[in-house]
1. Report D for segment 173-226 in µm² per second (integer): Stokes-Einstein, Kirkwood Rh on Cα pairs, 20 °C, 1.002 mPa s.
2. Any chance you could run the full-extension gain for ASP396 through ILE39? It's 0.36 nm times the residue separation minus the Cα-Cα distance, nm to one decimal.
3. Give, as ranges by residue number, the residues of segment 382-399 whose backbone N falls under 20 Å from the point 7 Å along Cα→Cβ of VAL341.
4. Using amide H atoms built 1.01 Å from N in the peptide plane, name the residues 5+ places from MET452, or on other chains, whose amide H lies under 5 Å from its own.
5. Give me the Debye-computed log₁₀ of I(q)/I(0) at q = 0.06 Å⁻¹ for the chain, equal point scatterers on Cα only, no solvent, two decimals.
6. So what J values fall out for segment 203-212 if you push phi through Karplus, 6.51 cos²θ - 1.76 cosθ + 1.60 with θ = phi - 60°, rounded to Hz, Gly and Pro as x?
7. Mind listing the long-range amide H neighbours of ASP260? Cut-off is under 5 Å, sequence gap 5 or more, other chains count too, H placed in the peptide plane at 1.01 Å from N.
8. Using the beta-carbon distance between SER29 and ASP260 and R0 = 51 Å, what value does 1/(1 + (r/R0)^6) give for FRET efficiency, to the nearest 0.05?
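Every read-out reported here was derived from the displayed coordinates using simple, explicitly stated rules and does not represent laboratory data. Keep in mind that this is a model prediction, so the values were computed, not measured. In this analysis, Cβ positions are derived from the backbone assuming ideal geometry, glycine residues included, and neighbour counts consider all displayed protein chains.
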Amino acid sequence: MSFEEIYVAGRWRRGAGALRESINPADGSVVAVHGTAGIADVEEAVEAGRRAAADPAWRDMMPHLRARLLHRIGDAIEADADGIAALQTADTGKTLAETRGLALSAAGTFRYMAAALETMDDVLTTPRGPNLTLSVHEPIGVVGAITPWNSPIASDAQKLAPALAAGNAVLLKPAEWTSLVSLRLARIVEGAGLPPGLLSVLPGDGAVVGDAIVRHRQIGKIAFTGGTVTGRRIAAAAAQKLMPISLELGGKSPTIVMADADIDRAIAGILYGVFSSTGQSCIAGTRLFVHRSIFDSFVAQLVARTQALRVGPGTDPATQVAPLVAFAHRDSVAGHVERAVAAGAEILTGGGRPVGEGYAGGAYYAPTILTGVTNDAAICQQEVFGPVLVALPFDDVDSLVETANDSVYGLACGIWTRDFPAAYALARRIEAGTVWINTYKQFSISTPFGGMKESGLGREKGRDGIRQYMNQKSIYVGMDPAPLRWA
């Protein structure tokens, strides 16, 4: 077991908050003890970030030179991918295949944002008078990034890379359960040569550290990924400051199987979309709508395939469904299922902890499929964030659209059919920020991502991702030698 310091204004130290243990959810062992931040650490980080962001050496750095730094960070992450993966698996329980993929995704994010930065142009606007008119973008200054526990390093990179590319300083607040990888990322960024003060990594309680970052008068933007309840609190605080925010929040995504779908392909995609990451994904396709004409046979095959999934520790290469991130979260998932059953849901498979040697000491929950409810049931409306799928039949497209959209969330959707024109028309009617057709849970840093309704505000990723961390300014240069004709 090791002790990890936190990173404040370019310096490593214990932090003013209480010590916290990182628990391996596969067996309950302590991975490490790490410090946490307090209010004083936030104050110091903000002040150091303000000075570092205003330093001409950073503020006026040529884009291609800042891009070179981002490339170095990306290369360093890739070089350490195996170490990052092992640490994240111990910290979160995820499979090594997934955590290595997340590390490589983070490396790719830094490289993409470097390329976008080098090719990002401001605009010489069309003149409407005797003036040269320009639209330029400038750094906000100091921004806050608050990231979730389900994909730490990838989520960190999706905020940190564009924010640094834009020329800001960043206060990164990782989730309480999974801070170790974010601290390792800080060492990588420091080693790549980022000037001190431009990054602080401040683990700690969201109600203390996160709230202090959000409410600080010198923080000019917050980028948050997490739960909708917390997102609302951040939005309310941001409104008091008139501060821009981006919020990537919860989901209860529909997956739709039409009568003409490729059955094997659809089943494989649905299994991946809901049970990979042990269901701990905001875009998990947890509401399954299958055309009534194939419902019984399709669900029977899906149940059989689900029962064949291999549940085990993330360190086992054969594992497909790893433990949940924490024992408390495992109990929360179980509570959702228990309440659904009490309300009339039928368990087709799963519905409890797996039985067998090696499971007793970990935060395991068996992949679960429920049916026998309607879309207004709590299990169809509330985000479970675990390996729980609800299967419902549908009869026609119009009623399907109405039911699929009957949710406070609007993050993602999957459609399985051989009829592309019909799939495209359906995709345009679904209220979701991302729609996958004949695939699921595929991402690209080049493609914007975000939600509708209570799934969030704003977008991340894409060429315009850097602009989300900048202020736009218009400049008029008078070209007419004559004075203004007024006085």
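1. Working: Rh = 12.3 Å.
Here the translational diffusion coefficient equals 174 µm²/s.
2. Details: separation 357, 0.36 × 357 = 128.52 nm, distance 5.54 nm.
Using 0.36 nm per residue and subtracting the Cα-Cα distance, I get 123.0 nm.
3. 382-392
4. Excluding prolines and chain starts, which carry no amide H, the hits are GLY410, LEU411, GLY433.
5. One equal scatterer on each Cα of the chain leads to -0.29.
6. Calculated HN-Hα couplings, in order: x, x, 5, x, 5, 9, 6, x, 5, 5 Hz.
7. The list, which skips near neighbours in sequence, is ARG418.
8. On the way: r = 49 Å, r/R0 = 0.97.
Working from the Cβ atoms, E equals 0.55.
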